[in-house]
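**Student:** Here's a structure for you.
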Amino acid sequence: MDAQEPDVVGIVGAGRLGQAMARTVLSAGRRVVIANSRGPDSLTGVVLELGDGVEAGTVPDVSSARIVVLAVPWPRVPEAVRGLEWNGQIVIDAMNDFDGSDLDGTTSSELIATLVPGARVVKAGNTLRAEMLASDPNVAGGRRVMFLSGDDGEARTQVTTLFEDAGFSAIDLGGLATGGALQQVGGALSGANLIRLPAEN
């Protein structure tokens, strides 16, 4: 599987969040290349568990995908992206700063953007617990809401399409400064599990 194929999404991180995002991507009809810091050979069990449409790769392989999900523990982000080249890829920041870092007035996703220069960062997937993210978003006659934000409109559109194809109801919150602040730990939407019901005729 070539990570640069248009229907392949790369995922950096193979823990609970990375695997939940992989299931979401598969539900959207895309394929997954997943990587961690220990190399592809360590992911045999994860790949078997996730099933068809998933392959293991190296972090540089994964980072060449058109859409790349960062799903590593917050303290490991700088190490995870060190030395990678970003040339317009969309980077989905699905992580949360549970350590309460001093962000000096910026959002956590704006900080991520400084670590992946050349990429287009979209905050998404972080407001739901991993097990909920991986579950069926069709609930009680409606669809689970997925919030997203980013400073590049076209990138937000692509991420909206990805989550909508997976069955979520995506809500675009605009830029990282405003939307990211609502989504991150301590924000008004952090941990929000909302279901959008269809409009009545």
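**Student:** Which one of Gly142, Gly175, Gly100 has the biggest mean-square fluctuation once the chain is modelled by GNM with Cα springs under 10 Å?
**Tutor:** Of Gly142, Gly175, Gly100, the most mobile in the Gaussian network model is Gly100.
**Student:** Name the most mobile residue of Gly179, Gly150, Gly45, meaning the one with the largest mean-square fluctuation, in a Gaussian network model of the chain with Cα contacts below 10 Å.
**Tutor:** Result for the chain, Cα springs under 10 Å: Gly45 fluctuates most.
**Student:** Give the percent of DSSP beta bridges with both residues in the chain that are antiparallel, rounded to the nearest 5.
**Tutor:** Just about 25 percent of them are antiparallel.
**Student:** Could you tell me what percent of the accessible area of the chain is made up of carbon and sulfur, with a 1.4 Å probe and every protein chain present?
**Tutor:** Whole-percent figure for carbon plus sulfur exposure: 48.
**Student:** Continuing with this model, one more query. Show the residues, 5+ positions off or on another chain, whose built amide H is closer than 5 Å to the amide H of Gln89.
**Tutor:** Hits under the 5 Å cutoff: Arg120.
**Student:** Then there's this: Around Leu194, what is the net charge, scoring Lys/Arg as +1 and Asp/Glu as -1 over all other residues with Cβ under 15 Å from its Cβ? Intermediate results must be reported in sequence, preceding the final value.
**Tutor:** Working: positive: Arg129, Arg143, Arg144, Arg196; negative: Asp172.
Combined, the nearby Lys, Arg, Asp and Glu give +3.
**Student:** On to the next question. Per-residue HN-Hα couplings for the stretch 118-126, Karplus 6.51 cos²θ - 1.76 cosθ + 1.60 at θ = phi - 60°, whole Hz, x for Gly and Pro?
**Tutor:** Working through the residues one at a time gives x, 8, 10, 8, 10, 7, 6, x, 9 Hz.
**Student:** Kirkwood hydrodynamic radius of the chain from all distinct Cα pairs, in Å?
**Tutor:** With all distinct Cα pairs of the chain included, I get 16.6 Å.
**Student:** Over the stretch 95-201, with a single point scatterer placed on each C-alpha, what log10 of the ratio I(q)/I(0) does the Debye formula yield at q = 0.13, 0.19, 0.22 1/Å?
**Tutor:** -0.47, -0.95, -1.21
**Student:** Would you pull out the residues with amide H under 5 Å of Val8's amide H, same chain only if 5 or more places away, H placed 1.01 Å from N?
**Tutor:** Arg31
**Student:** For the stretch 1-77, what does the alpha-carbon gyration tensor say about shape, rounded, prolate or oblate, given a ≥ b ≥ c as the root eigenvalues, a/c under 1.5 as rounded, and a/b over b/c as prolate?
**Tutor:** Judged from the Cα gyration tensor, the stretch 1-77 comes out rounded (a/c under 1.5).
**Student:** A further question follows. Between the stretch 45-59 and the stretch 87-165, what is the C-alpha centre distance in whole Å?
**Tutor:** Here the answer is 22 Å between Cα centres.
**Student:** Taking the Cβ of Pro6 as the center, what net charge do the other residues with Cβ under 14 Å away carry, scoring Lys and Arg +1 and Asp and Glu -1? Spell out each step's value before the answer.
**Tutor:** Numbers: positive: Arg30, Arg31, Arg66; negative: Asp2, Glu5, Asp7, Asp165.
Around Pro6, the charge tally is -1.
**Student:** If Lys and Arg each add +1 and Asp and Glu each add -1, what is the summed charge of the other residues whose beta carbon sits under 13 Å from the beta carbon of Gln89?
**Tutor:** -3
The values are calculated or read from the model by the stated rules, or taken from the named source; none is laboratory data. Bear in mind that the values here come from a model prediction, so they are computed numbers and not experimental data. Cβ coordinates were reconstructed from backbone atoms using ideal geometry, including for glycine residues, and neighbour counts include every protein chain displayed. SASA here: full protein model, heavy atoms, side chains in, ligands and nucleic acids out. Shrake-Rupley method; radii C 1.70, N 1.55, O 1.52, S 1.80 Å.
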